[in-house]
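Single-structure report; data block below.
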Amino acid sequence: MKQPDYTLYMVTDMPSVYKKGFLESIEAAVAGGVSIVQYRTDGGTKHELYENGMAVRDLLKRLGVPLIINDHVDLALALDADGVHIGQGDLPAPVVRRLIGKDKLLGLSTSNREQVLAVDKTVVDYIGIGPVFPTQSKRNAPPAIGAAGLAELVPLSPVPMVGIGGITAESAPAIYATGVTGIAIVSAISYADDPRAAAAALLAAKK
């Protein structure tokens, strides 16, 4: 598939936290400028993940926005999603690439210099770097690296990179200024009263 736009990357939260409804909030965020969506949620049965995932997939297909599935390679294949995002503790990237084929996107979470330098651009399409700031949305996250730490890692990446972790509309200008390809957002959209306005404010931070 063609290279997606990583500028404003939405990572979904638990469906219950969205004040306007889960699908409605995703659609509103896309209207505000979200260019790619990762379906991530803790808990629930595989069947529930699949049912919710199908609804998200159908919505994003209509909107023309790529869908990435967090961790669950089987779910990504079952939904025929556009890609998978994995962490350092998941299946090795070359194994996941073999499972999903060459045409789907593969993202990898990184949090330090060694992990970024180990990225193989023939296997991985993009990386997430973080957490930039302390975050409540990801349990057992590594220590926050801050904007300065992110800026040090950006030039080392052989693939597009997305800063993630505790980023808000207020801090987003400094994160975009590091040279990242995009920013990944969880709480700043999921807890917003107006997801469309929240997404628009985040996007406006890119000068």
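Could you check, for the range 29-41, whether at least one of its residues is over 21 Å from Ala200 (Cα atoms), in contact (Cβ under 8 Å) with a residue 12 or more places away in the chain and not acidic (Asp, Glu)?
Yes, the range 29-41 contains a residue that is over 21 Å from Ala200 (Cα atoms), in contact (Cβ under 8 Å) with a residue 12 or more places away in the chain and not acidic (Asp, Glu).
Without any contact (Cβ under 8 Å) to a residue 24 or more places away in the chain and either closer than 25 Å to Glu27 by Cβ or of a type in the set (D, E, K, R) (or both): is that true of Glu152 in this structure?
When the stated conditions are applied, Glu152 does not pass them.
Within the range 128-149, how many residues turn out to be under 17 Å from Val186 (Cβ atoms) and not in a loop (DSSP other than H, G, I, E, B)?
So the answer is 2.
Exactly one of these conditions fails for Gly101: (1) open to solvent by less than 60 Å² (accessible area, probe 1.4 Å); (2) closer than 24 Å to Leu202 by Cα. Give me its number.
Status for Gly101: all satisfied but (2).
For Lys207, all conditions in the list (1) surrounded by fewer than 18 Cβ atoms within 10 Å (Cβ to Cβ); (2) at pLDDT 95 or above; (3) not acidic (Asp, Glu) hold save one; what is the number of the exception?
If we test Lys207 against (1) surrounded by fewer than 18 Cβ atoms within 10 Å (Cβ to Cβ); (2) at pLDDT 95 or above; (3) not acidic (Asp, Glu), just (2) comes out false.
Within the range 1-49, how many residues are of a type outside the set (D, E, K, R), open to solvent by 70 Å² or more (accessible area, probe 1.4 Å) and outside any loop (DSSP other than H, G, I, E, B)?
Counting residues in the range 1-49 that are of a type outside the set (D, E, K, R), open to solvent by 70 Å² or more (accessible area, probe 1.4 Å) and outside any loop (DSSP other than H, G, I, E, B) gives 2.
When the residues of the range 76-92 are filtered to those that are surrounded by fewer than 19 Cβ atoms within 10 Å (Cβ to Cβ) and touching a residue at least 12 places away in the same chain (Cβ under 8 Å), which remaining residue is nearest to Ala184 (Cα to Cα)?
Among residues in the range 76-92 that are surrounded by fewer than 19 Cβ atoms within 10 Å (Cβ to Cβ) and touching a residue at least 12 places away in the same chain (Cβ under 8 Å), the one nearest to Ala184 (Cα to Cα) is Gly87.
In the range 150-182, which residues are open to solvent by less than 20 Å² (accessible area, probe 1.4 Å), under 22 Å from Ala200 (Cβ atoms) and either of a type in the set (A, V, I, L, M, F, W, C) or part of a loop (DSSP other than H, G, I, E, B) (or both)?
Residues satisfying the conditions are Val162, Gly165, Ile167, Ala172, Ile175, Val180.
Among Lys121, Lys102, which is part of a loop (DSSP other than H, G, I, E, B) and under 20 Å from Ala184 (Cβ atoms)?
Being part of a loop (DSSP other than H, G, I, E, B) and under 20 Å from Ala184 (Cβ atoms) holds for just one of Lys121, Lys102, which is Lys121.
Any residue at all in the range 105-120 that is crowded, with 17+ Cβ neighbours inside 10 Å and out of contact with any strand residue (DSSP E or B) (no Cβ under 9 Å at 6 or more places or on another chain)?
no
The values are calculated or read from the model by the stated rules, or taken from the named source; none is laboratory data. A quick note: this is a predicted structure, and the numbers were derived from the prediction, not measured. All Cβ positions, glycine included, derive from the backbone under ideal geometry; neighbour counts span all protein chains shown. Note: areas computed on protein heavy atoms with side chains; ligands, DNA, RNA excluded. Shrake-Rupley method; radii C 1.70, N 1.55, O 1.52, S 1.80 Å.
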